[in-house]
Amino acid sequence: MISVEIKGLTKRFSGAGGEDLLALDRLDLSVRSGEYLVVVGPSGGGKTTLLRLIAGLDTPDFGETTFWEAGLRIEAAAENLCSRIEVAMVFQDSALYPHLTVRGNLELGLKVRRVESLERQRRIEDVGLACGIERDWWQRMPSELSGGEKRRIALARALVRRPQLLLLDEPLSNLDAPARFELRELLRRLPGRDAMTLIHVTHDQAEALSLGQRMAVLNKGRLQQIGTPREVYRKPANLFVARFLGRSPMNIVEGRIVIEGCGTRWFVQNSGIDGFKVRLPARVGSGGSDPAGSGYTGPVLLGVRPDSALRVDAGDLREDPLSGRVGSIDYFGSETVMEVTSAGVRWLVSWASSSNEFTVGESLNFRIDWNEVSWFDTETGQRLNLNRGAEVTEVPMP
Ligand code: ADP
Ligand code: MG
């Protein structure tokens, strides 16, 4: 299987007013052999540019992409028929040949590669079956297909080529919920998956969290972080990643860590009169690789995901909870997200809907799950490792 090594990849465009646009900025990225990597980031972040460069459809201004198989470098201009590796890209708009039937679309790439007729039919039948392509679609023209069907055909057209590297550009965007669900299930168990390395790009963080074996976060042409979805969600490398992931944004509270009396550590929120102060558990700050990790005091940004603000029942005062009034309620089915103002700070808390019977204006109590918080440097926005625990895979900002 193929691995991909991207080094210093840089691509500039000139904008409408002639200004310089840096679509990719010295990007380094290693794609492991056989993995399903999702590259996620806001629109305009450089995702399509990245795929086009990997596919060899564009040339970079600097940097290079190399392909490796079993430790050997493969010289390959992708999409070049003489190359030894097969790279297939599925474009965001499907890009089916409008004058060919569904079958014709699947067959063309094979004919060009001189795959003989019987083998062509066999591959088309197999992939068609695995991709849920119905018999009566074969003779249809692309204009007679729905958006979800077109995506499926475009994917099948890539798969019949038996690619070693499959590049997917926003394969699930702009589909209705059932079509999205079906296509997502298909992506999870693609025919020929055992022999493929996949790079899927999307602006949708939920898609990246659910589909990627690893995910890479890209913003403004720069890699922000790469890791498993769990690592990146739980230990975001910087404020951008922290805010970009999650259905509701992470609460970010500006304050400082102070030590008082007999070594008790507190987080004190920065504000005038009604700021709050919470005691930190002893082990916060007792480990971590950051030099500030042991005994750090000073300014910090505290990051708390809405689902790490845990419910404390009225009357249960063991935890010294924060309390506040419910300002608004967003019902999402299984969870309910509420805006709560506590000591002048606006928090989002997300609780299971089943345990939630609050109404606007009511007061509620919550506590912070200190195992799940993130700390960031107030100046750079980079993660501080004040918590003991697993190492973070993080990429320093250049
Ligand atoms: P994404 O796919 O993440 O939305 P793109 O890779 O399409 O981002 O674009 C990254 C940046 O490069 C954007 O600012 C975009 O406007 C610019 N860009 C991309 N392709 C071109 C092009 N062919 N000409 C000019 N600017 C481009
Ligand atoms: Mg794009």
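Here is the tail figure for the chain: Cα pairs spaced more than 34 Å apart come to 42 percent of all pairs. For residue 277, no lysines have a Cα falling under 21 Å of its own Cα, not counting residues fewer than eight places away in the same chain.
Within the accessible surface of segment 7-161, defined with a 1.4 Å probe on protein heavy atoms only, the carbon and sulfur portion equals 51 percent. With Cα atoms defining each centre, segment 41-65 and segment 165-224 are spaced 17 Å apart in the structure.
Projected onto its three principal axes, the C-alpha set of segment 251-384 covers 43, 29, 26 Å, listed from the longest axis down.
Which one, 212, 173, 195, projects farthest toward the positive side of the charge dipole computed for segment 161-261 from Cβ point charges (K/R +1, D/E -1)? Positive-most Cα among the choices belongs to 195. For the chain, the 222 nm mean residue ellipticity estimated from helices alone, with every DSSP H stretch of n ≥ 4 adding -39500 (n - 2.57) and the total spread over all residues, rounds to -5500 deg cm²/dmol. Accessible surface calculations at 1.4 Å, restricted to protein heavy atoms, place the chain at 47 Å² per residue. In segment 251-384, taking the dipole from charged Cβ atoms about the Cα centre, the farthest positive-side position among 333, 373, 347 is held by 373. The angle between the Cα long axis of helix 117-130 and the main principal axis of the chain comes to about 30°, on a 0 to 90 degree scale. In terms of distances greater than 29 angstrom between alpha carbons, the cross-link table entries 7/235; 47/235; 7/150; 111/150 yield 7/150. Dividing the convex hull volume of the alpha-carbon atoms in segment 1-46 by its residue count gives 76 Å³ per residue.
Helix 102-112: angle to the longest alpha-carbon principal axis of the chain, degrees 0 to 90, nearest 10? Roughly 70 degrees, rounded to the nearest 10.
Residue-wise HN-Hα couplings along segment 148-159, as the Karplus relation 6.51 cos²θ - 1.76 cosθ + 1.60 with θ = phi - 60° gives them from phi, are x, 5, 4, 4, 5, 5, 4, 5, 4, 4, 6, 6 Hz; Gly and Pro carry x.
The values are calculated or read from the model by the stated rules, or taken from the named source; none is laboratory data. Keep in mind that what you see is a predicted model, and the values were worked out from it rather than measured. We place every Cβ from the backbone using ideal geometry, glycine too, and count neighbours over all the protein chains shown. Please note that ligands, DNA and RNA were not included when accessible areas were found on the heavy atoms of the full protein model with its side chains. Shrake-Rupley method; radii C 1.70, N 1.55, O 1.52, S 1.80 Å.
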